[in-house]
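In what follows, a single structure is set out as structure tokens and then discussed.
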Amino acid sequence: MPCLTALIAAWAPPLERSRSLALVACGGFVGTVSAYSCAGLVDLWWPGIFYLFGALGLVWALAFEF
């Protein structure tokens, strides 16, 4: 994503830009792997996966709020 590269270039200190970009790039893969791991819940109760990711989104938003 080119916008993330520009954002990190503007906000990260010069000596930490490569590490920041690597963390952002790996975060997408970690999210994909965790989503596929949790997708096994679809066999048990398919709406549950939406509740799970919604609850995780709310927890994530509250963590950034406080």
Original post:
What tally of residues in region 2-24 results from selecting those that are more than 19 Å from W60 (Cβ to Cβ) and either in contact (Cβ under 8 Å) with a residue 40 or more places away in the chain or aliphatic (A, V, I, L, M) (or both)?
Top reply: 8
**OP:** Test I8 against the stated conditions and say whether it is at pLDDT 85 or above and open to solvent by less than 90 Å² (accessible area, probe 1.4 Å).
**Re:** yes
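The values are calculated or read from the model by the stated rules, or taken from the named source; none is laboratory data. Being a predicted model, the structure only gives us computed values, none of them experimental. Neighbour counts run over all protein chains shown; Cβ positions are idealised from the backbone, glycine included. Note: accessible area is taken over every heavy atom of the protein model, side chains too, but ligands, DNA and RNA are not part of it. Shrake-Rupley method; radii C 1.70, N 1.55, O 1.52, S 1.80 Å.
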